[in-house]
Structure formats: C-alpha cells, structure tokens
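Notes follow once the structure below has been shown.
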Amino acid sequence: MNNTPSKSATLLLQDGARFYGSSVGLDGITGGELCFNTGMTGYQEIFTDPSYYGQLMVMATSHIGNYGVHADEVESDSIKVAGLITKSFSPYYSRAGQQTGSLYDYFKASNKIAATDFDTRAIVQYIRDNGAMNAVVAVGDYTLEEMQAHLDALPNMKGLELASKVSTKEPYFYGDENAPFHVTALDFGIKTNILRNLAQRGCRIQVFPHDTPFDVLAATNPHGFFLSNGPGDPQSMQPQIDVVQQIIHSGKPVFGICLGHQLIALANGLPTFKMHNGHRGINHPIKNLETGKSEITSQNHGFVVDKAALEAHPELMLTHIHLNDNTAAGLRMINRPVFSVQYHPEAGPGPNDATYLFDQFLTNMNQLN
Amino acid sequence: MPRDNSIKSVLIIGSGPIVIGQACEFDYSGSQAARSLREEGIEVTLINSNPATIMTDPVTADHVYLLPLTIESIEHILEKHNIDAVLPTMGGQTALNLAMEADKQGLWETHGVRMIGVDIDAINITEDREEFRLLMQKIGVGVAPSATAKSFLKGKEIAQEFGFPLCIRASYTLGGSGAAIVYDKNDFENLLSHGLEVSPIHEVMIDKALIGWKEYELELLRDANDNVTIICSIENMDPMGIHTGDSITVAPAMTLSDRTYQRMRDLAIKMMRSIGNFAGGCNVQFAVSPDEKEDIVAIEINPRVSRSSALASKATGYPIAKIASKLAIGYHLDELQNQITKTTSAFFEPTLDYVIVKIPRWNFDKFEGADRTLGLQMKSVGEVMGIGRTFQEAIQKAAQSLEIRRNGLGADGKGYTDQDQVMEMLANPSWNRVFVLYDAIQLGIPLRRIHEATKIDMWFLRQFDDLVQVQRRIEAETLDSISRGLLLEAKTKGFADRQIAHMLHTLESKIHDKRMSFDIHRVWKLVDTCAAEFPAETPYYYSTFENLGGAKGLPMVSRNESVVSDKPKVVVLGSGPNRIGQGIEFDYSCVHGVMAAKECGYETIMINCNPETVSTDFDTADKLYFEPVFWEHIYDIIRHENPVGVIVQLGGQTALKLAEKLERFGIRIMGTSFDMLDLAEDRGRFSEMLHENNIPYPQFDVITSSNQIHDAAKRIGFPMLVRPSYVLGGQGMKIVINEEELEHHVVELFKDFPGNRILLDHYLDGAIEAEADAICDGEDVYIIGIMEHIEPCGIHSGDSNATLPPFNLGEWVMQQIKDHTHTIAKALGTVGLINIQFAIKDDTVYIIEANPRASRTVPFICKAYGEPYVNYATKVMLGEKKVKDFTFNPKLEGWAIKIPVFSFDKFPKVNKQLGPQMRSTGEKIYFVKNLKDPVFRKLYSERNLYLSR
C-alpha cells in the first residue's frame, strides 16, 4: 500500500454540506446525484448497473474492493456510476483466477474517480435526513470554486431523461438461436443479469434501443415483450410511455422491471413520484400479496408508482408491497398478461428469492402461444 | 398468521452449567426467549441447573426450577403446571438432547405438550452425520467425502479409502469433543478409539479434511410461512481445521463475492427447508475452496439458536432469540417489527456499515499439560467482540478486550522476535494466534510464507501488514513531530493511545493530550441493523474515529451519534470475556446492578465487550457501549457522558482493578472507596487492620524479589501458599512444601507477572474453608449467606463443593465468622458487597482474604434464598438505601449445594487433580432436604480422599 501521506478528497453537496476523505490515487473531479447503497457484497455489479448512470455512489459498507473484480460479474460493458465514495477502499484484493483483477485497476482503466476514508455513515445519514441531491467529489488539488462550478453545471434528476445515454444504439440478440421463446426487449439501461435469467429459461432476446417505434418492435412478432430497468425520471419519457401503451394493447405477455414497471404504470395513467432517498440495497423485504409469501430483494430506484392510485385503478392489481415503507412494489393487469415489479428479481447483486417472476413470464408466454 | 393463541404456557429448557462449547450465550438466548414470550402474555416456566444465570431469575420467568436437567425434573414440572408447549432450542445441545429424550419416553405426549420451534426429524438428520450426508446429496448440496464408522475396523477401512489428512468427529457431542485432524495412521488409530468412546452412540464420522478451505457461517431465521431471512454472514479468518468456537471470526464476510455469497445463501435456504418444517433459528456452516472454482461444501447445520447466533445478534443488533421465540408461537416475520428501528419490518436482512471481530479467550494456563494447539475441538472458555468501522479497528479493539495484559496488536514490547519460534507458532496455532501474525509480519516474514503456513486469506494478512506499516511510520516520528493525519490514521486503525505512546516513547496521557490538541475525538456510532438507511431508536453504541464533515455554516466535525441526556447517570463496568474464575456470575451481578440503578432513577450506562452476555443485550441498560473494558475507551465514555459515578464492584476483578485509575482521574467510585478497596487488596495494610481488630490470620509475607525468600520462609513456615497479588481465580497460585519448591515458583511468577508483588501465606493444612458474603452500608452489616466447603482447605473455593448454609460448623465457629464479617466489613468502610474467605482450624476462624465486591457466590446465594441481594447492594452503593431499609426474608428448606463443573473432557491428557488454582468452568445448584441425601453423602465421603493426601 502507498505509504506516503495521501492527498485529500472533498465531497461538496448541493446544499453546501461538505465531507472529507482521502485519495487512493484515482484522482479527479466528478459529480452527479449523490446516492447510497447498503449492500455488503456486489459492488462491481452496482458500479456497472446502467440504472446508476451518472450517480455519485456512496457505499455504506466499510470495505470495498476486497475481492477485486471479475470479468463475468458485470451488468453492462462499463462502469456507469459517476464516481465512488468509500470508507475503506481496498487497493489489494484476494481472489483466485485469471479473470480477476483489482478494483483500483478497473477504475484506473476507465478513468473513473474513487476516494476513501470518508465517514460514509455520516453521508448516508445526511442524505437520509435531507434527501437525495446532487454533489461533486474532488480528489486532488481543486478549489471550492472549481467544485461549485462543476456542481452548478449538473442537471437536476427530477424530470431528467437518462435512458438514451445508456441504451444500446443498435438492436442485438442475446441467447441461443434455437431457444423456444423469442422475447423482444426495450433497453432503457438493461442489466446483463436480466438477459442471463431469460436466456437460462429458454429465451432468445432481441434487445432494441430505447426509442424504437412500436411497429418495428411488433414486426419481430415475439412471444413476449420485456421492458427493462434504467436510470432517470420515468415521467420524462412520454414517447416510450406511448410505445408501452401499444405493447400492452398488443395482447402479448409483458414483463417490466424497475423503470419498465414505472412505464407500465404511467401507460395506465398512474402517477409516479420521486422518493425522499430511494431504495438502494440488497436486503429489501417484499411481500407478495397474491401468495402471502415474502422475499428479500435487490433494489435500486429513486422513483416509485403511486400506491393509492394503483389500488384504485380498475384494471390493475397491486401484487407486491415493500414491507419497510409499504410502497407499491409490483403490479399486474387484471385482464391482460402484463405484470411488473419495482425491484430486481434478476439479482446481480443480491438474493435470488424473486427469480420465480421470470418463471411466471415464461408461463404467461407458454399459455398464450 | 398471528400468534397461536392455544399456547398459553411455555416451558424453556436451559443449557445447564457452563462448559467449554456451551457457555453463557445460552443464558442470553434463554432470557431473551422468556422475555419475548412474556411480552405476549404467555406464562413462562424455566428449568436450568445453573444458578448463575439471569434466565433463572424471577425477573425473567414466572416459574423457575433450579433442578438437574433430567427427565425426572421435567416430569415433576409437567405434573405441577399445565404446560402447553416446550421450547427446547434456546438451551444448546443439552436442552435439545433432553427434549428428545423426553420425547422418546413419550413425556410430551402424555402431558399434551407440543414441541415448538423445532422438528425432531430435523434434529435427527442434522445430528446423524451419515443421514445428513445422504440428504445433502439428495438435494444437490456438496459435502466433503465422508463416511461413518461404528467400529474400529470400519474406521480403518474408510481411512484407507480416503487417504490422509482426515477429520474424525464423534457423533452427538458438544463443541467438537473427540474431533481431530489426523495426518498419519498411528494418530488415526488412537483418535478413532477415543472418538468411538466419547460418542454416546459410539459412532464417528470420518471426512476427507478440507484443509485450507475458507470457512463461513450463515445465521438464518424462518417462520411458519416458510419465509427465510439471513441475519448474518460470518467469515472465519482461520480457515477450515480450527473449530469455529476457537476461530477468529469476522462479520460481515470480508472476502466473498456477491455471486458466491448468493450461491451460499441459496444453499443455506435449501438446506434449512430440506431438514424439516420448523419456525425458528438455524445455523449453517460452509467451506469454500480457495481456488477459482469457489466450490461450496456444506459442513453442518444446527436447527437451533447457537453460539454463533448470540454473536450474530450482537454483531447485527438483530435479536435472533427474541424473534425466533415469536416465530415459534406462530408469528410470521413480516408481521413483526425490526426491534432496533421500531419502524421497519423484522423480515429483512441486516446490513452492516462496520465490522465485528470475535477473538476467543483461552485459559490453557489452567490446564497444565494440555495440548495447546487449536484444532477441531473447541478449547476456548470465552470470547470478546470488537466493533470498529473497519476490520483493522475491530481486531485491535478485540485484542484490547482480551485482558491478557496486551494493549492490542503490536507496540507493547511483548511480541515474539525469534523467527523459528514464530514460524513454528504460525504452523501450530494457539491462544496467541492473532499476536503471532502481527509479530511475523513485523519480523519481515513474507506474507506468502505466512499464508502458506496458516492458509489465512491474503486480504486479512494485508490488513495486518498495513497495521505494521502504520507502526513503522509512527516509530519514525516523535511526540512533537507526529502529524495530525498520521495520528488520526493510527486511531482509525484501532491503535490505543498506550500503543502509540510505546511507539513514541512517551506516556499514554501525553498521546491523549496530543490528540485533544489536534482535535481528534473519539465518536460513537449506532449499531442499527440497516447501515443508517433508517433512523434507529436503540441505544447500542461503539466508538470510532472519523474524518470531518457537516452541513453548510456549521463547524466541520466527526459525526457523533451518542447524545448525552441531562439525567443523572451511572456507569456499570462489565466483566469482559468469560474465563475460569470470572464467568457468568459477574454478568449476573452487572445486569442486576443496572436494573437496580434504573429503579433509583439513574440513566444506566453499561460498558462491556463480551458478546455472550445479557449485560450486552441492548435491552438491558439505558445505554450500551459495546467497548473494551480498557482504560482509554472507558475514560472517553466517562468524559462524554459525565456520570455521577462508576460502579466497579459488580464486574469482577476486571472492573475492580480500574478503580485506582478512576480515583486518580477524579472520577467518583460508587460505594466502597478506592482507599478501602486498596486496603483489602494490600496484604500489609489488610493484616494490620486484622491485627488491630484481634482477628486471626495465617502468618504471611509480601515479597518483591526472590532474595527475600529465605527470611520469609523462616518466619512463615511450610506448607505455604504462594500467589501473585491482584489476580483472580487463583491464577499462579501454588502450595509449596519446601524452600526449593518455593524458590522455583517465585522465580516463575516474577517472570510471568513482572513488577508484581508475591504473597506468601502459611497454609493451614487440613483446615475447613468457609466464606461469607455480606451487604454493608458503612454502618450496618447484613450477612446474605455463609457457605461451607465440603473439601478441606487447599482446593480453590471455585472448585469446591459447598453448602449453604454450613453443614457442620459449630455455634462458636459460626459466631466467629459472623463477628469477623461484621468487623471487617465496617473496618473496610464497605458500601456495597463484600466477600470474606475463612479457614477454620481447631475451632479458630482465620481470615484468608476479603474481596470488597460481588463475588462468584453471590448469584448462588440469591437463587438459593430467592432474594435480590445484588439489587439491594447496588441501592446501598448508590447511597439510595441503607441496610436497615430492607426486610430480608431468605427462604430455604434444607441446604443448597454448589457443585462445580469441569471441562476436562476437552483436555484428555491433563492432570485432573484439584488444587489452589481454579479450573472449573461452571457450577450447578442442587437442593437437599437433609444431610442424608445421597448426593450430599457421596460428596462428603469423597472429601476424605483429599484429607488422606
């Protein structure tokens, strides 16, 4: 480990709050919406999750980097978070195999910024109490003015459309060519583990850019549609909401996750709103109201579907609730094979308790085809 | 589903006396369970033969039976009470075995009692290693190649098939009795016969040893609706090959990727579901191959609350036993509340933003001749837990909690410096494992070599290495030159002021001043189960050091979460890790002290570092600081909280020995003053006092150098009792019969306890021993109990069988005991508790020693007489009450016998002869109506063995 006294790092929040840490050698200045994740494992999956695009990530757990990174444990092709703030960043790691490397090298290779020695718990508490907001982290020699200028240039998350930044530019296929089911997916920032889960269950998925018109999608004549997760405010995505409406009316099975779930809700006229500080972790309790069983889930969302409106909607049914704050976590259309959840049944990272939802999608496709 | 209303009365079975492998963690779980059920309006009946427990207190249960854990006792209870259900999962293997035996005999069925929280088939499967292996194969969970042998011949065949190294484990035993790793045929044959012998069903399991595989544990909870949650993941820093009870363990798991962790989680849930349907806790152990395959193999599954569940509860803040009890009576997890946040669901997985490290506490010094190498069989007698924001801080705090005269890792001049010796110790781990790792790095032994010798994951070794580097950097500085950054770094990495002082050749207080001048302040964070995602209510704190931060316009500070109230406060110092001579009895006293102080209107503050205890339950004191009972931590808490005073009388020697420093720093000690505490410990002053009061005592001397031996021996005469001053449990105590022996022992003691004084007492051969415990307010004295030892003088009081009240002391002797107790208690200005030990020879009562604190026998006396003496004594200490304010009403028909319990089965080669060094690990209580009782008669007849020696 580097034995010279480390340079300092400063985190400046939109409301003027400041926190101090030190450098691990991944210096620079970066900013975004400051959010935290409480997961104790799965940092690499989190950093590469497109839903975190542009966010400044505070990891609540003490040590980050211990087991390095692994070529297979990615949720997209690159690091999506804007920067990383830790309590203790491990420059060395311990994991056998040719496909592993250090988190330090991984960040260095993509010119990403990370810092250590922050009181991450104090930052989590600050966001918890004051709400999610934009922030800038500067590691190295930066003045407060430079940081402020950087901060002022950041867009506000509310009303921000981000799917276009992370969606694929060209359609592509995933999975076995001879797979029995064909799924057409709209990519708003799709996590690779969703594709893995579908492929494992006998799906070949054709993934389309976020702004693909409905007739192009319909022309693929799939067994079912999948609406992916992704970053940003769903209310800013009117063209996609319109497409989702058409998809729903196609009568085909539809499965939505996270942003996909919110778009299904919006397409049905339900409002969504920005949460105080969102759900970001891998220990979130969900109750399935249809089976009465509960599951521990992986979550990452800052917007949520209005529960009262959902319950009042004649064509929709609330299927899942979050046990901590009683927010809406899943819905189903009563007369259509359409369902969605706010959380991440594909895990990566997190528990596999909810993978039955993929089976349910498969069942729907089986029944209707 | 809400709770099952047909359950109105529940029987909880305790775990009996403390033995190695089954310690006071089951008092913690039993007490929690009882409280949890009573909250629901359920009548709780409790059976346990261990009197030194909180669970057997009237405050815990409706009906308490201090009876032997036998079928007869259970039958007796079932006849007297209308019990609906029995909860056998809170009392370790002992309770489970008893419940199963009762089930076999049809006892539950006859009395219409349901077993809750457990499934008999599940126990059978998990206890029978062969069935377990077959089941795991059936559900597709990997296990190490293994087979069972019921005969010597079969065992040898298996060995031939698998090849060495192998593990041998005896079926149905506790704490790995009879388990060992074998590398060759000769050892194998010996251990095979031993294993077959110790297993109650004469069966051993032979596994292919997974040496060097990483070892993990998961703690699970499941409800009747089959909802499962993982409360905690624990990584054993010591890989496979060392019993988890003897391993240094870390939570959360440090070196597992999410993918491998989730695979392990899925396997654990699958395993729990496969063994049966029961609502409650479960512990699963896994091994993971250290190669890129990261193969996961199941080691074992325990369908009950375990030692690790107690650790997991303290590590996460999630009260496993409390919730498991609610699940046993029908609740579902999603119907219950998170007990810490009080706003979120109990169905969730705690997440940590700190690290805990558990280090076991061994007592090999009490088992001369024992094999001190750690292996498959558990040998530790207690444990400590350190909580820090990082692994480094947590392990340093754990090391500071051990009370083995170390200040943490490194920097105390006590490290090993011989390379060959260090390499040897790395290969053969023992009690000093964690220190040796540090020393090896400090010596410059490459991490690779250390890894090869220990198989400890390189990530941990790098963490140690980083600590050594910090020490080197500090050593290159002086008190004047050290920077704020470096000092803060050292503090965040857990180095104590004392260690830094050692590195800079200065005083602890100078480092304290230095950090004040740099504005480096200890802050306290909350254990909240949720990494601060939600606000939490529960006042469970640990300390750390942090970088600065804060809102705009406010000064930048390290965020502190422990808000000081304006109520008058009192601090109770806990007794630290359990060890022989200072065990659960002291936790009993601390817990009652806390409750009494609360009754007097004080805000109570508990400081302790033992995760097995009730005192470190966040429900016990108003504020819990889970911290080392180590000066620096205590002092900072006291400066922060500014209490009225500190109670040092309840936490054994651990707390008492801090009195001097408290006094020096002007902090008020509640009850007996420091000067008087010191008088009792100072042999010279104490004897002068006895002399002035015409109280006889054996001839004695205090020496500070071996040159004084000759003169002292002449004056005192042999036989002689030799011991260092200020120790507990007879540590280093020995009876010598001639000058040669005396000299040898004294030289040893000066080596082991440098700078200490050594006490020489004339030994009253063949005398009878007795002891008295009393409460005194400075003026009035009330003797709460007098106990007579059945064995003659020479056997440590903790190891003697004893009766309450005495069984054959004459009136004249009793009068002397009472008079002396009154005189001494008053002469010492005792305000609180005092324990006095006597030797009686030729009808004269001599004083052996006086302990101005709650003694080991206090809980026993409270239980035998059914009186809350610690509560009374605490109120006296606090000055709230006088002795004459209480109406004493002891109830005891006949006699209560205190029977010590030993754990010698863990040390087969050790000489079991008893002497002045205490060696028992626990005790039980046994009531007799008259002295014709066969149990008493047997004990009494055995005393002659000692007399004839």
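Each value in this text was obtained by applying a stated rule to the coordinates, not by laboratory testing. From a predicted model like this one, the values you see are computed outputs, not experimental measurements. Note that each Cβ is placed from the backbone with ideal geometry, even for glycine, and that neighbours are counted across all protein chains shown.
For B:PHE518 and B:GLU660, what does the FRET efficiency come to when R0 = 35 Å and r is the distance between their Cβ atoms, rounded to the nearest 0.05? Please list the in-between numbers first.
On the way: r = 28 Å, r/R0 = 0.81.
Calculated value: 0.80.
Across all directions of projection, what mean area in square nanometres is found for the Cα convex hull of the range B:145-208? Provide the component values of the computation, followed by the final result.
On the way: hull surface 13.8 nm².
Mean orientational projected area (the range B:145-208, Cα hull): 3.5 nm².
Which one, B:PHE838, B:PHE886, B:VAL901, projects farthest toward the positive side of the charge dipole computed for the range B:768-947 from Cβ point charges (K/R +1, D/E -1)?
The one lying farthest along the dipole's positive direction is B:VAL901.
Cut-off is 10 Å between beta-carbons; in what order do B:ILE139, B:ILE74, B:ILE450 appear when sorted fewest neighbours first? Write out the running numbers ahead of the final one.
Details: B:ILE139 13, B:ILE74 26, B:ILE450 22.
Lowest count first: B:ILE139, B:ILE450, B:ILE74.
In whole Hz and in residue order, list the ³J(HN,Hα) couplings for the range B:903-917 that follow from phi through the Karplus curve 6.51 cos²θ - 1.76 cosθ + 1.60, θ = phi - 60°; x for Gly and Pro.
10, 5, 4, 7, 10, x, 8, 7, 5, 8, 5, 8, x, x, 8
In µm²/s, what is D for the range A:198-277 at 4 °C and 1.567 mPa s, where D = kT/(6 pi eta Rh) by Stokes-Einstein and Rh is the Kirkwood radius from Cα pairs? Could the numbers behind the result be given before it?
Values: Rh = 13.3 Å.
Taking Rh from Cα pairs, D becomes 98 µm²/s.
Taking amide H atoms as placed 1.01 Å from N in the peptide plane, list the residues 5 or more away in sequence, or in a different chain, whose amide H sits under 5 Å from that of A:ASN283.
A:GLN299
Restricted to Cα positions, what overall size does the protein assembly as shown have along the principal axes? Three whole-Å values, descending.
Over the protein assembly as shown, Cα extents along the principal axes are 110, 77, 65 Å.
Residues in the range B:1-43 near a label at B:HIS63, defined as backbone nitrogen under 14 Å from the 7 Å Cα→Cβ point?
B:8-13, B:43
Can you give the charge dipole size of chain B about its Cα centre, rounded to the nearest 20 debye, using +1 on the beta carbon of Lys and Arg and -1 on the beta carbon of Asp and Glu?
On the way: 99 positive and 129 negative charges, 136 e Å.
It works out to roughly 660 debye.
Determine, for each peptide in B:363-370, A:93-100, B:467-474, the mean count of other beta carbons within 10 angstrom over its residues, then list the peptides with the highest first. Before the final figure, lay out each step's value.
Working: B:363-370: 17.9, A:93-100: 16.0, B:467-474: 19.8.
Final packing ranking: B:467-474, B:363-370, A:93-100.
Quote the charge dipole size of the range B:1-52 about the Cα centre in Debye, to the nearest 20; the model charges only the Cβ of Lys and Arg (+1) and of Asp and Glu (-1). The partial results should precede the final answer.
On the way: 4 positive and 6 negative charges, 16 e Å.
For this selection, approximately 80 debye.
Give the span of the range B:358-520's Cα atoms along each principal axis, as three whole-Å numbers ordered largest to smallest.
Largest first, the range B:358-520 extends 49, 31, 27 Å along its Cα principal axes.
Hey, can you rank B:798-804, A:202-208 by average C-beta count inside 10 Å, highest first?
Values: B:798-804: 24.4, A:202-208: 20.4.
Ranked from most to least packed, the peptides come out as B:798-804, A:202-208.
Please report the spacing between the Cα centers of the range B:48-111 and the range B:312-345 in Å, no decimals.
Result: 24 Å between the Cα centres.
Compute the relative contact order of the range B:9-116 as a whole-number percentage, counting only Cα pairs closer than 8 Å that sit 6 or more residues apart in sequence.
Values: 189 pairs, mean separation 35.0, N = 108.
Relative contact order comes out at 32 percent.
Taking the highest mean first, how do the peptides B:687-694, A:227-234, B:333-340 order by number of other beta carbon atoms within 10 angstrom per residue? Please list the in-between numbers first.
On the way: B:687-694: 14.0, A:227-234: 26.9, B:333-340: 20.2.
Ranking the peptides B:687-694, A:227-234, B:333-340 by packing returns A:227-234, B:333-340, B:687-694.
Using +1 at the Cβ of each Lys and Arg and -1 at the Cβ of each Asp and Glu in chain B, identify which of B:ILE795, B:GLN815, B:MET264 lies farthest towards the dipole's positive end.
Comparing the listed Cα positions along the dipole, B:MET264 ranks first.
Roughly what would the spin-label model give for A:GLN148 and B:ASP480, points 7 Å off Cα along C-beta, in nm?
The answer from the label model is 4.1 nm.
Per-residue Cβ counts within 10 Å, from other chains only, averaged over A:92-98: what number is that?
On the way: counts 7, 4, 11, 10, 6, 4, 1.
Mean partner-chain Cβ count within 10 Å for A:92-98: 6.
What order do you get for B:LYS514, A:LYS293 when you list them from fewest to most C-beta neighbours inside 10 Å? Before the final figure, lay out the partial values.
Values: B:LYS514 20, A:LYS293 16.
With the sparsest Cβ surroundings first, the list reads A:LYS293, B:LYS514.
Short version: ³J(HN,Hα) in whole Hz for each residue of the range B:202-214, in order, from phi by Karplus 6.51 cos²θ - 1.76 cosθ + 1.60 (θ = phi - 60°), x for Gly and Pro, what are they?
The phi angles translate into 6, 9, 10, 10, 10, 10, 5, 6, 9, 4, x, 5, 6 Hz.
If you take the alpha carbon radius of gyration of the range B:203-251 and divide it by 2.2 N^0.38 Å, what ratio comes out, to two decimals?
On the way: Rg = 14.1 Å, N = 49, 2.2 N^0.38 = 9.7 Å.
After normalising by residue count via 2.2 N^0.38 Å, the value is 1.46.
When the dipole is taken about the Cα centre of the protein assembly as shown, and only Lys, Arg (+1) and Asp, Glu (-1) are charged at their Cβ, what size is it in debye, to the nearest 20?
Details: 123 positive and 164 negative charges, 54 e Å.
Using only the charged Cβ atoms, the result is roughly 260 debye.
What 222 nm value per residue comes from the helices of chain A, counting each DSSP H run with n ≥ 4 as -39,500 (n - 2.57) and dividing by all residues, nearest 500 deg cm²/dmol? List each step's numbers first, then the result.
On the way: 11 runs with 90 residues, N = 369.
About -6500 deg cm²/dmol.
For the range B:865-949, which chymotrypsin sites (Phe, Trp or Tyr not before Pro) pass both filters: DSSP loop (anything but H, G, I, E, B) and at most 16 other C-beta atoms within 10 Å? Don't jump to the answer; show the numbers that get you there.
On the way: sites: B:TYR865, B:TYR869, B:TYR872, B:PHE886, B:PHE888, B:TRP895, B:PHE902, B:PHE904, B:TYR926, B:PHE927, B:PHE936, B:TYR940, B:TYR946; in loops: B:PHE886, B:PHE888, B:PHE902.
Of the chymotrypsin sites (Phe, Trp or Tyr not before Pro), the ones in loops of the range B:865-949 whose Cβ has at most 16 other Cβ atoms within 10 Å are B:PHE888.
So what is the relative contact order for chain B, in percent, with contacts set as C-alpha pairs under 8 Å and at least six apart? Numbers along the way, then the final one.
Numbers: 2126 pairs, mean separation 99.0, N = 949.
Computed value for chain B: 10 percent relative contact order.
Can you compute the helix-only [θ] at 222 nm over chain B? Use -39500 (n - 2.57) per DSSP H run of at least 4 residues, normalise by all residues, nearest 500 deg cm²/dmol. Walk me through the numbers on the way to the answer.
Numbers: 31 runs with 329 residues, N = 949.
Counting only the DSSP helices, I get -10500 deg cm²/dmol.
Within a Cβ distance under 14 Å of B:GLU612, other residues only, what is the Lys/Arg minus Asp/Glu net charge? Walk me through the intermediate numbers first.
Values: positive: B:ARG307, B:LYS314, B:LYS358, B:ARG361, B:ARG579; negative: B:GLU25, B:ASP27, B:GLU383, B:GLU585, B:ASP587, B:ASP617.
My count for the surroundings of B:GLU612 gives -1.
Taking beta carbons within 10 Å but only from partner chains, what does the mean come to for residues B:539-551? Before the final figure, lay out each step's value.
Numbers: counts 0, 0, 0, 0, 0, 3, 1, 9, 13, 7, 13, 8, 8.
Average neighbour count from other chains, rounded to a whole number: 5.
Counting other beta carbons within 10 Å of each residue's own, what order do B:CYS862, B:CYS590 fall into, fewest first?
With the fewest neighbours first, B:CYS862, B:CYS590 line up as B:CYS862, B:CYS590.
Spin-label point model (7 Å from Cα, Cβ direction): what's the B:GLN913 to B:HIS691 distance in nm?
Those two pseudo-labels are separated by 3.6 nm.
Can you work out the Karplus-derived ³J(HN,Hα) for every residue in the range B:541-554? Use 6.51 cos²θ - 1.76 cosθ + 1.60 with θ = phi - 60°, whole Hz, and x for glycine or proline.
For the range B:541-554, the Karplus curve yields 10, 9, 9, 7, 10, 9, 5, 8, x, x, 6, 4, x, 9 Hz.
Taking H placed 1.01 Å from N in the peptide plane, check which residues at least 5 places from B:VAL143 or on another chain put their amide H under 5 Å from its amide H.
Here the answer is B:ALA298, since their amide H atoms fall under 5 Å of that of B:VAL143.
Would you work out which of B:ILE77, B:THR110, B:ASN50 lies farthest towards the positive end of the dipole of the range B:9-116? Charges go on Cβ: Lys and Arg +1, Asp and Glu -1.
B:ASN50
What is the average number of partner chain Cβ atoms found within 10 Å of a Cβ in A:60-71?
Mean number of neighbouring Cβ atoms from other chains: 6.
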